[in-house]
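Structure first, then comments.
Read the figures in this text as sums done on the coordinates, not as results from a lab. None of the values given here were measured: they were computed from a predicted structure. Cβ coordinates were reconstructed from backbone atoms using ideal geometry, including for glycine residues, and neighbour counts include every protein chain displayed.
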Amino acid sequence: MNPPRFTSAEEASAPAPGPWPLVLVRACAWGLLVAGWVGVGALALQLAPGPAAGLGLVALWLLALGGAAALRGPTSMTPRARAAALLATAALTAAAMWAVPRSGGSAGLAWLGAALLGWALLTALASGVVRTLRLQQPTLPRPPVASAALGALAAALALGDPADAWALSWRLALLALLTSAALVVLQARARPVLARPGCRAGLFDCSLPAWPAGAWSDPLQWPTLLAGLAMLPMMAELPLMATWCRSDAIGPQAMVWLHLGAMFGPAWLLQSSLARWPLARLSLVCASLLGIGAACVLWAPAPWDWVGLAAAQGAAWGLAWGGLLWAPARRGRAGSSPWVAAAGYALLTAAFGALIESAGARGAAVAHATLGAAALTAWFIATLWRLKPSAA
């Protein structure tokens, strides 16, 4: 990785910020990502005429996020300019978010469109702060598993009951304002980076890694790749899960906590040993968890069908993500654009919305069952392929 260049000798000789600002900035960025993904989806599903339109707005948010993260500005800004951009964007986003349920109808959808664009830009600005501070560290920092878990905790507190649009809107508005203020303070000593060293994903400076270009040719990597894709339907359907499970005495707040805890808890608890896992072990664990989640959603009685799915496939995503963070060789080529990944995420989210529109909860169950079956099949094929030479 090439060293960053600075705008002046004075800036280049300034002392680098310590590790704690980077830890907290990463937590702020992850909190914005998780809360925005679920919060935008929850409001969109309540205002839009159907799941396809609602998740189409989430897809638009993902496209906006990828486009904003691909810009050079969030990284090359001076601290003063970025502080002004953070505060202005947060104020406008909070105002739009607060107005969404209070307008309703087409006006509410218009305010939601403004809010999702503002939230995407705010998340991209946070990503720029993360990358700038990370490039100024004297040594390569640890993968941000703990920071992501802390950000998910803050997001869970802000989300609360995703079905309560009025309360959700003001909590998200407050989160945007508080997070932007924290980012302004934490990035005060950050120096603008003019050069753009290669990174395997533009979002959060490699914290959300892109999949390797040729990974799909290796069946042993399919379980981890499919576990990474499991995040898309799970985040999209989390507001719907709260509705589906409400009649089964599972509170919406409990579903949010369970879902986010499964995604980030195991990866945080196992992060020390996860760094030493070979690909074969990681693939076996991910395939098993995806398969368990599929079995739960297909055959377990309510409410354990969706609870088991959220716990098992959420943990599969978290372990796949954490394992890839500790394995740079499996994280994709340097310089990959977040726009490409965002476009793929948006396309899959829109397709999932169409599936929910036509088949409801059963369609979601089929999607998760397909992920589990594909992961287990790929693992068995890879295992037989590895045993073939020794059998001969």
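In whole Hz and in residue order, list the ³J(HN,Hα) couplings for region 369-374 that follow from phi through the Karplus curve 6.51 cos²θ - 1.76 cosθ + 1.60, θ = phi - 60°; x for Gly and Pro.
5, 5, 4, x, 5, 5
Over region 13-391, consider all pairs of different Cα atoms and compute the Kirkwood hydrodynamic radius from their mean reciprocal separation; express it in Å, one decimal.
20.8 Å
7 Å from Cα along Cα→Cβ at both A215 and A53: what's the point-to-point distance in nm?
So the label points at A215 and A53 sit 3.6 nm apart.
Between D164 and A81, with labels modelled 7 Å along Cα→Cβ, what's the label distance in nm to one decimal, could you check?
4.2 nm
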